[in-house]
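One structure below.
The values are calculated or read from the model by the stated rules, or taken from the named source; none is laboratory data. Quick caveat, the model's predicted, so the values are computed rather than measured. In this analysis, Cβ positions are derived from the backbone assuming ideal geometry, glycine residues included, and neighbour counts consider all displayed protein chains. Just the protein is used for accessible areas: all its heavy atoms, side chains included, with ligands, DNA and RNA removed. Shrake-Rupley method; radii C 1.70, N 1.55, O 1.52, S 1.80 Å.
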Amino acid sequence: MLEKYSLANEEYILTRYQNILKKQGITTVEDILFNFPTKYDDYNVSSIETAVVDENIVLEGTVITKLTVNHLKTKLSAVVFQMEVEGKKIRCTIFNRSYLKNKINYGSVIRVQGKFFQNMYNFTVNNLIILDEFNRDIIPNYNVKEITDSKYIEIVEKVYRRYKNKIVETLPKEYLDKHGLLSMQETVKILHFGDKKEDIEKAIKRIKYEELLKYQMSMKYLHYKRQLNESCFEIKPKMEMLEAFWKTLPYELTVDQKKVINDIFKDLNAKYAMNRLLQGEVGSGKTVVAVSAILAAVSDGYQAALMCPTEILSQQHFETVKNMLSIFPNINIALLTGSTKTAEKRAIVEGLKNGTINVAIGTHALFQKDVEYHALGIAIADEEHRFGVRQRVLIRNKGMDVNYLKMSATPIPRTLAISAYGDTDISIIKTMPANRKQVITKYVEEGGKKAVIEHMKNELANGHQIYVVTPLIDESEVLDTANATEIYENMCRYFDKITNVGLIHGRLKADEKEEIMSRFLANEIGILVATSVIEVGVNVINATTIVVLGAERFGVATLHQLRGRVMRSDAIPYCFFIADKKTENSDNRLKMVESTTDGFTLAEYDLIHRGPGEFFGEKQSGSMNFKYCDIRKDSDLLEIANQDSEEIILKEEFNTSDEYSYLRIHSEENYKKKISQID
């Protein structure tokens, strides 16, 4: 870290270079010194005696012929020359670098990186360096437009010599010593000028640790400030009502459900607002936990709101909660969505305002401006990641400081949970209810499609329903409507006079989707073809089979979640994966899902092979697009940074010592930014 010294005052940097750098956002001495190499080329020389055909090697030698340029075809040229290496002559070819003809002369000493092709005479060059420009074994790459790496490193050297003693340490000595990390001054020096691989790796570790620690500190600081903000109702659940409710359940609560409920009750009893994420796979019993939380708030005189992403899901939750709490006639439950009629909406809004309605269930309509709550104690969001920031802000502003419970059926790997939900307490339901049947999953090879059709006919004959899911083109594009329409037409033809087939795709209007899903729920449609996993998130107990077409396009976490859609019935559930294009990677992925039902194991697999965008979408995972870190590869370092951030936040020195000022200021600035977004 440095003070903001402007490059305009650095006369030794030519004006034309300053202008080029300015275009790329490099305007200060700090920008120069902290613009670290994007990668390093290792030019440590090996002996030609150790060379093997088709294996990479670095050789040093002298150019002994002129360079010739051969134009092989449009946009393909080859520079050819001979060089002498340890007394042996080799013929070197490097493609599409015709500019080298005017740069490398007879007698130049160079290092070439590449491999021998077909024999020990013809050498294909991938990269080369001229030792007059670089006399180092490890060469940094900066990718600064319009400035060569050799010129940029020359600028960095001049700046570093002048300002190295002004580089300020950003981390406390205690944590540098604890993890054997380099000082910031050493780190800057080695990342630009280091010539030993192990030293550069140490410097990179220091930078990665700091980046992760700063991020985790920001998250933990939000959590810390929330706990200091004692502006929430202390809700004390009436346990006799909870016990009466639990006795009506047709099964015993699992160990995980009991633990989560206990954690939620502790949160509700605190003076600060709960911010908890409840993870549980489809069918794990999250609804019972949510209803327990609702009843806990209502039993102490407060209101509860349950927000769902669609009207159909809202309707289903309304019926479920109403049925579960029917033993309490004094609890008034209302359903509020965008299609609620004006007169009914007016009555519900009035009931929420005066407190005669205890529980509100619905879409984001629950938190529109005209809706006021008498005493909102808890807000619950089902599939919370599908709501935008605006809805979350509205939830927060509906009460003194509302307890917030987020629920997700998507298993999230620990690494992602730490980084994406660092300001959130996390509860997990892993144990499935004893009566829950496992889905029979089959990865169908090319010759097995007829058997799937026969299975579908049998299930329909038994009165069951079926999902047929077709893939997105990708995360950002419009849904593949044409593909879905073709499949829909095929299904209509295969199952003519057997059942009705419905189609949902992304270009249908919301009310059209709602109508088709309502007909599917009412068993007026036997097969539902859908292009989006969003539309199949509804609880259709009678659906016992799901067929996923183009299954290779889905990540394993998504496939597992789709599979969970048919776990509601008492009948044996089935899931079939059919791939359009078979590759080794997709084959492994589909076999992985076929072989295991542990959603968290599959989520970890997906993180390693597909990255965080698979879980949150690229836009939502943007906060985890670290500059230096890759949370898949740096998970161990993330764990360390997470533990250290929790420790540092509670230290007295964090608020008083100059050693912690950089972390303190960074955390406070991030907190103010988040608060301003909410307010």
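Tabulated results
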| read-out | value |
| --- | --- |
| Flag if residue 479 is closer than 22 Å to residue 554 by Cα, modelled with pLDDT of 90 or more and among the hydrophobic types (A, V, I, L, M, F, W, C) | no |
| Positions within region 644-661 being farther than 11 Å from residue 224 by Cβ and either open to solvent by less than 10 Å² (accessible area, probe 1.4 Å) or touching a residue at least 60 places away in the same chain (Cβ under 8 Å) (or both), in sequence order | 644, 653, 657, 659, 660 |
| Criterion violated by residue 251 - all others in (1) open to solvent by less than 70 Å² (accessible area, probe 1.4 Å); (2) aromatic (Phe, Trp, Tyr); (3) closer than 30 Å to residue 289 by Cα satisfied | (1) |
| Residues of region 5-18 that turn out to be surrounded by 15 or more Cβ atoms within 10 Å (Cβ to Cβ) and either among the small types (Gly, Ala, Ser) or at pLDDT 90 or above (or both), as a count | 2 |
| Residue list for region 437-463, restricted to those being in contact with a strand residue (DSSP E or B) (Cβ under 7 Å, 6 or more places away or on another chain), β-branched (Val, Ile, Thr) and closer than 18 Å to residue 579 by Cα | 440, 441, 444, 452 |
| Boolean, residue 169 is within 37 Å of the chain's Cα centre (by Cα), surrounded by fewer than 13 Cβ atoms within 10 Å (Cβ to Cβ) and among the charged types (D, E, K, R) | no |
| Any pair with Cβ under 9 angstrom, 6 or more apart, that starts in region 316-329 at a residue that is hydroxyl-bearing (Ser, Thr, Tyr) and ends at one that is open to solvent by 40 Å² or more (accessible area, probe 1.4 Å) and in a helix (DSSP H, G or I) | 320/287 |
| Failed item, numbered, when residue 586 is tested on (1) within 27 Å of residue 309 (Cα to Cα); (2) of a type in the set (Ser, Thr, Tyr); (3) in a helix (DSSP H, G or I) | (1) |
| Number of positions in region 518-542 that are crowded, with 19+ Cβ neighbours inside 10 Å, in a helix (DSSP H, G or I) and modelled with pLDDT of 85 or more | 2 |
| Those residues of region 577-595 which are among the hydrophobic types (A, V, I, L, M, F, W, C), open to solvent by less than 20 Å² (accessible area, probe 1.4 Å) and within 13 Å of residue 605 (Cα to Cα), in sequence order | 590, 593 |
| Matching entry among 2, 21 (being open to solvent by less than 90 Å² (accessible area, probe 1.4 Å), in a loop (DSSP other than H, G, I, E, B) and within 16 Å of residue 156 (Cα to Cα)) | 2 |
| Residue match in region 192-199 (condition: open to solvent by less than 20 Å² (accessible area, probe 1.4 Å) and of a type outside the set (Asp, Glu)) | yes |
| Single residue of region 600-617 satisfying the filter (open to solvent by 30 Å² or more (accessible area, probe 1.4 Å) and out of contact with any Asp or Glu (no Cβ under 6 Å at 6 or more places or on another chain)) that is modelled with the lowest pLDDT | 610 |
| Only one of 442, 450, 457, 497 that is in a strand (DSSP E or B), modelled with pLDDT of 80 or more and open to solvent by 40 Å² or more (accessible area, probe 1.4 Å) | 442 |
| Any hit, region 634-643, residues being part of a loop (DSSP other than H, G, I, E, B), farther than 16 Å from residue 175 by Cβ, open to solvent by less than 50 Å² (accessible area, probe 1.4 Å) and touching an Asp or Glu at 6+ places or on another chain (Cβ under 7 Å) | no |
| Which numbered condition residue 53 fails, given (1) open to solvent by less than 40 Å² (accessible area, probe 1.4 Å); (2) in contact with a strand residue (DSSP E or B) (Cβ under 6 Å, 6 or more places away or on another chain); (3) farther than 30 Å from residue 145 by Cβ | (1) |
| The listed residue being closer than 28 Å to residue 151 by Cβ, among the basic types (Lys, Arg) and open to solvent by 40 Å² or more (accessible area, probe 1.4 Å), out of 88, 75 | 75 |
| All positions within region 139-166 that are open to solvent by 40 Å² or more (accessible area, probe 1.4 Å), outside any helix (DSSP H, G or I) and either touching a Leu at 6+ places or on another chain (Cβ under 7 Å) or of a type in the set (Val, Ile, Thr) (or both) | 148 |
| Residue within region 543-557 that is at pLDDT 80 or above, more than 24 Å from the chain's Cα centre (by Cα), assigned to a helix (DSSP H, G or I) and farther than 18 Å from residue 489 by Cα present | no |
| Those residues of region 300-316 which are of a type outside the set (A, V, I, L, M, F, W, C) and open to solvent by less than 20 Å² (accessible area, probe 1.4 Å), in sequence order | 303, 314 |
| Some residue of region 284-298 being out of contact with any Phe, Trp or Tyr (no Cβ under 8 Å at 6 or more places or on another chain), surrounded by 21 or more Cβ atoms within 10 Å (Cβ to Cβ) and assigned to a loop (DSSP other than H, G, I, E, B) | yes |
| Checklist (1) at pLDDT below 90; (2) assigned to a loop (DSSP other than H, G, I, E, B) applied to residue 316, failing item | (2) |
| Residue list for region 638-676, filter: β-branched (Val, Ile, Thr) and closer than 14 Å to residue 210 by Cα | 640, 648 |
| Criterion (farther than 25 Å from residue 150 by Cβ and either open to solvent by less than 70 Å² (accessible area, probe 1.4 Å) or not in a strand (DSSP E or B) (or both)) met by exactly one of 127, 135, 119, 105 | 119 |
| Close pairs from region 27-38: first in a helix (DSSP H, G or I), partner open to solvent by 20 Å² or more (accessible area, probe 1.4 Å), Cβ under 6 Å, at least 6 apart | 29/5 |
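Residues checked against (1) closer than 30 Å to residue 158 by Cβ; (2) touching a strand residue (DSSP E or B) at 6+ places or on another chain (Cβ under 9 Å):
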site	(1), (2)
30	yes, no
37	yes, yes
43	yes, yes
59	no, yes
85	no, yes
89	no, yes
98	no, yes
104	yes, yes
115	no, yes
